[in-house]
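The values are calculated or read from the model by the stated rules, or taken from the named source; none is laboratory data. Nothing here was measured: the structure is a model prediction, and the numbers come from that model. Reconstructed Cβ throughout: ideal geometry from the backbone, glycine too, with neighbour counts over all protein chains shown. The accessibility values were calculated without ligands, DNA or RNA, using every heavy atom of the protein model including side chains. Shrake-Rupley method; radii C 1.70, N 1.55, O 1.52, S 1.80 Å.
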Amino acid sequence: MRRPGIKFWRRLVQFGVATAFVVIPLLNHLHINVLTGNFLAFRAGPLPLADPLAVLQITLKNFYLSADLLVGAAIALGLAAAMGTVFCSWICPFGLLSELAQDAARRRTSGQDRVAPQRRTGFAVKLTLFGLGLAGFLVFSTTPVLNQLSLPAWYSRIFQFYFEQRHISLAVVLLLALPAVEFGFRRRLWCRCICPQSVLLICVKLLNPAQLKVRFDAHKCICAKPRDPCRQACSLSLDPKTLAEAVDVACNNCGDCVAACKRRGRALRFGFGPHARDSGDAGV
Amino acid sequence: MLRSRFLRPPGARPEEEFLARCLQCGQCAQVCIFECIRMRTGFNPFLSGTPEISPRQAPCFLCMRCSAICPSDALEDVPKEKAKMGFARLNRDKCTTWKGLIICRSCFERCPLKATAIVLERGLYPVITDQCVGCGVCEHVCPRRAIVTIPTRFVT
């Protein structure tokens, strides 16, 4: 039997997290409160976790930062600084829904029509929304409104609402409609262009050139050029061979390209550290 | 009007400051053993996901678990005597004791701050003092609905 690859483990983690946030409100309803909270702020026993954007918003608005929030946000940002935006590809339940929609769409067309990548515009749109939302909150609003755009938070909130107060939130429709739209467009629209929660994670990852990224060794690559399996595998329509040149804005280090390359020469691998030898090879 | 007359959980800061700090994470509702804290439903971007208490349905018993767990201190971790959620108003025209019909001590007996927030005048008639923090238990137990809890949110 073949050993399960990186995609198996990733899906396992994703489904595990998605299931956990169904089970946690149920346990809370039974008064088992070891794990509490949702994707905006969470507590696992003594360990706090927090969405860095939510923390940034209330810190700037109130000039106040509690120890819990500081530690929680620092853990999330530290993970992003070391490993990139793995939250998006390994943890986020909406990321899972969006990827499943993308996979289904790809299977339907058997991987034929590749969408041309739009690399920088997505981040620019996201950044604009982030700036407007933050400024709007600081100047006009009384509540951190960007929190309402957090789809993982809405995912966990659906089950909080259901198990604690028997309320079926209309957010269910939202969380099913958006992957349906992405099934049609095939661009991971929300993750690429809208999700403001990812902006801080991306900024932190761009600050650290030594973070985990996919490296390409041109000598080992044995695939024919036009339809690379690695490009087919990327759910964000990136070209994995170029990811090592700089820290990529969009790449979430999901490892699908690495898995696709595994049986074809292993030219793509994960690696830490500033880029040195491999880029020289890629240029040859 | 009655639906909007909800309380914030004990220890909540003044309304505007509370909203600016609340992360809408729902931990207060999750640790509430009396299941009185409900998260605001719907898609109102300013209120959705914030905690509220409707004392007619389920009042707060001032166990203070919620304010202890709040990660952003939107609910301050204060002793229950300083919970300042609101204050109760007793309508003597509806109260059976004050009307002289029967002797009812429901509110007095159930008050978490018994003999502090509610005292018995002449050993008989319930009177709500200014020590009342507005948990809403008396409103919940009053058989004649003579008590209404007014949230501190409305007082600026």
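For the range B:102-111, the criterion of being within 30 Å of A:Phe161 (Cα to Cα), outside the structural domain of B:Arg38 (by TED's automatic domain parsing) and either crowded, with 22+ Cβ neighbours inside 10 Å or in contact with a helix residue (DSSP H, G or I) (Cβ under 8 Å, 6 or more places away or on another chain) (or both) is satisfied by at least one residue.
Scan the range A:139-148 residue by residue and report those that are out of contact with any helix residue (DSSP H, G or I) (no Cβ under 6 Å at 6 or more places or on another chain) and more than 9 Å from chain B (Cβ to nearest Cβ). If you could, list the steps in order and put the result at the bottom.
Keep residues of the range A:139-148 that are out of contact with any helix residue (DSSP H, G or I) (no Cβ under 6 Å at 6 or more places or on another chain), which gives A:139-141, A:148.
The answer is A:Val139, A:Phe140.
Mind listing just one residue for me: the one in the range B:112-151 that is of a type in the set (D, E, K, R) and not in a strand (DSSP E or B) and, of those, least open to solvent (accessible area, probe 1.4 Å)? Walk me through how you get there before you give the answer.
As a first pass, look at the range B:112-151 and keep what is of a type in the set (D, E, K, R): B:114, B:121-122, B:130, B:139, B:144-145.
Add one more test, that the residue is not in a strand (DSSP E or B), and what stays is B:122, B:130, B:139, B:144-145.
Details: B:Arg122: 179, B:Asp130: 139, B:Glu139: 3, B:Arg144: 120, B:Arg145: 144 Å².
Per the stated criteria, the residue is B:Glu139.
Yes or no, residue by residue, for (1) outside any loop (DSSP other than H, G, I, E, B); (2) within 25 Å of A:Leu12 (Cβ to Cβ):
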site	(1), (2)
A:Glu182	yes, yes
A:Ala210	no, no
A:Val247	no, no
A:Arg264	no, yes
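If you go through the range A:267-284 and keep only what is surrounded by fewer than 21 Cβ atoms within 10 Å (Cβ to Cβ) and modelled with pLDDT of 85 or more, you end up with A:Arg269, A:Phe270, A:Gly271. With respect to the stated conditions, A:Leu56 is within 30 Å of A:Ala135 (Cβ to Cβ), over 17 Å from the mean Cα position of the chain (by Cα), open to solvent by 30 Å² or more (accessible area, probe 1.4 Å) and within 14 Å of another protein chain (Cβ to nearest Cβ). Within the range A:21-52, how many residues turn out to be more than 9 Å from chain B (Cβ to nearest Cβ) and either of a type in the set (Val, Ile, Thr) or surrounded by fewer than 15 Cβ atoms within 10 Å (Cβ to Cβ) (or both)? The total comes to 10. Of all the numbered requirements in (1) touching a His at 6+ places or on another chain (Cβ under 6 Å); (2) surrounded by fewer than 19 Cβ atoms within 10 Å (Cβ to Cβ), A:Phe163 misses one, and that requirement is (2).
Can you tell me which residue is nearest to B:Arg21 (Cα to Cα) among those in the range B:55-73 that are more than 10 Å from chain A (Cβ to nearest Cβ) and touching a Lys or Arg at 6+ places or on another chain (Cβ under 7 Å)? Per the stated criteria, the residue is B:Met64. Give the residue that is nearest to the other protein chains (Cβ to nearest Cβ), with candidates limited to residues of the range B:4-48 that are among the small types (Gly, Ala, Ser), in a loop (DSSP other than H, G, I, E, B) and open to solvent by less than 40 Å² (accessible area, probe 1.4 Å). Filtering the range B:4-48 for residues that are among the small types (Gly, Ala, Ser), in a loop (DSSP other than H, G, I, E, B) and open to solvent by less than 40 Å² (accessible area, probe 1.4 Å), the one nearest to the other protein chains (Cβ to nearest Cβ) comes out as B:Gly26. For B:Pro45, the criteria (1) out of contact with any His (no Cβ under 8 Å at 6 or more places or on another chain); (2) at pLDDT 90 or above hold in every case but one, which is (2). For the range A:59-79, taking the residues that are in contact (Cβ under 8 Å) with a residue 60 or more places away in the chain and farther than 17 Å from A:Thr143 by Cβ, the one that is least open to solvent (accessible area, probe 1.4 Å) is identified as A:Ala76.
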